[in-house]
Amino acid sequence: MNLSKKTILITGATDGIGKALAIEFSKLGANIILLGRDSSKLDTVYDQLEHSYESQKHLILEVDLALLNNESVHEIARVINDEYEALDGIINNAAILGTMTTLKDYELSRWDEVININLRAPFLLSRTLIPALEDSRMPRIIFTSSGVADVGRAFWGAYSVSKFGLKGLAEIFANELETTSSIKVFNFDPGATQTKMRASARPAEDPNTLKTPNELLKCYLWFFSEDSSESNNHYYKFDELSKKVNA
């Protein structure tokens, strides 16, 4: 698949799924906007991106999503508009686990941090960048779901609540935009994957039994394909979508 001249913003781009997507998408010609809060990790990933395609241009945005507000998100939009003609996609991948504890014992400051990064920031970014997306021929907003977005589970606290909220946010964006815009909105649950977050949540689990982030590539590429334009489904789990893309 050729992604040349497509510009894609990836949050949480310094580790795990976000890092893998940034590197692999760049190999297919995409302009990658790396968004993260660790400058050293951002520089490391930037150096691993492909730079050989004509007019290929990558960008680093060092942003703490926990502190994102109306002023800073509009500054992000201004920088993107200055650097690129259009924004073709947002992959809202960044998230933190928070504390695995009872709601009764959950610290408010930690709760706010999880909600801000996992739910508030994707809302602010997606809302504010709609004008840039509408300059694209085939724009996409992709949210990242989780198994704990479907059924509440003890001890998953703010993380689970944020994913419940994100599922609703994606559904509302999709419903509002489907008749007024060419923007397609998807919410994707990648399932059990070898990431630092997964290891933190399930420390006794053998990571070798899990798929790698690179095994998700075909699914994410499908979201940017012509085939996805015909889809009336906005929510996909990995097992379902992988069968579809490998059929």
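For a paramagnetic label modelled on Ser72 (point 7 Å from Cα along Cα→Cβ), amide N atoms under 14 Å away belong, within region 1-28, to 12. Applying the Karplus relation 6.51 cos²θ - 1.76 cosθ + 1.60 with θ = phi - 60° to region 4-10 yields 3J(HN,Hα) values of 4, 6, 8, 10, 10, 8, 10 Hz, where x marks Gly and Pro. Each peptide in 66-79, 181-194 gets a packing score, the mean of other Cβ atoms within 10 Å over its residues, and the list from highest to lowest is 181-194, 66-79. Packing-based ranking of 153-163, 3-13 yields 3-13, 153-163, ordered from highest to lowest mean Cβ neighbour count within 10 Å. For region 7-246, carbon and sulfur atoms together expose 49% of the accessible surface, with a 1.4 angstrom probe and every protein chain in place. Database remark: amide H of Thr7 closer than 5 angstrom to the amide H of Asn31, Asp88, Gly89 (H placed geometrically; neighbours at sequence offset of 5 or more, or on other chains; Pro and chain starts carry no H). Computed on region 158-219, with alpha-carbon pairs under 8 angstrom and 6+ residues apart, the relative contact order is 23 percent.
The mean accessible area for residues of the chain, using a 1.4 Å probe and ignoring ligands and nucleic acids, is 47 Å² per residue.
Over all Cα atoms in region 71-205, the spread is summed up by Rg and Dmax: 16.2, 48 Å. Return the label of the correct value of Cα extents along the principal axes in Å, as calculated from the structure shown, out of (1) 65, 48, 35; (2) 52, 45, 40; (3) 48, 47, 36. Entry (2). Among Met1, Met138, the sequence by solvent-accessible area, most first, with a 1.4 Å probe is Met1, Met138.
The values are calculated or read from the model by the stated rules, or taken from the named source; none is laboratory data. Please read all numbers here as calculations on a predicted model, not as lab measurements. Note that we place each Cβ from the backbone using ideal geometry, even for glycine, and neighbour counts take in every protein chain shown. Accessible surface is based on the protein model in full, side chains and every heavy atom, while ligands, DNA and RNA are left aside. Shrake-Rupley method; radii C 1.70, N 1.55, O 1.52, S 1.80 Å.
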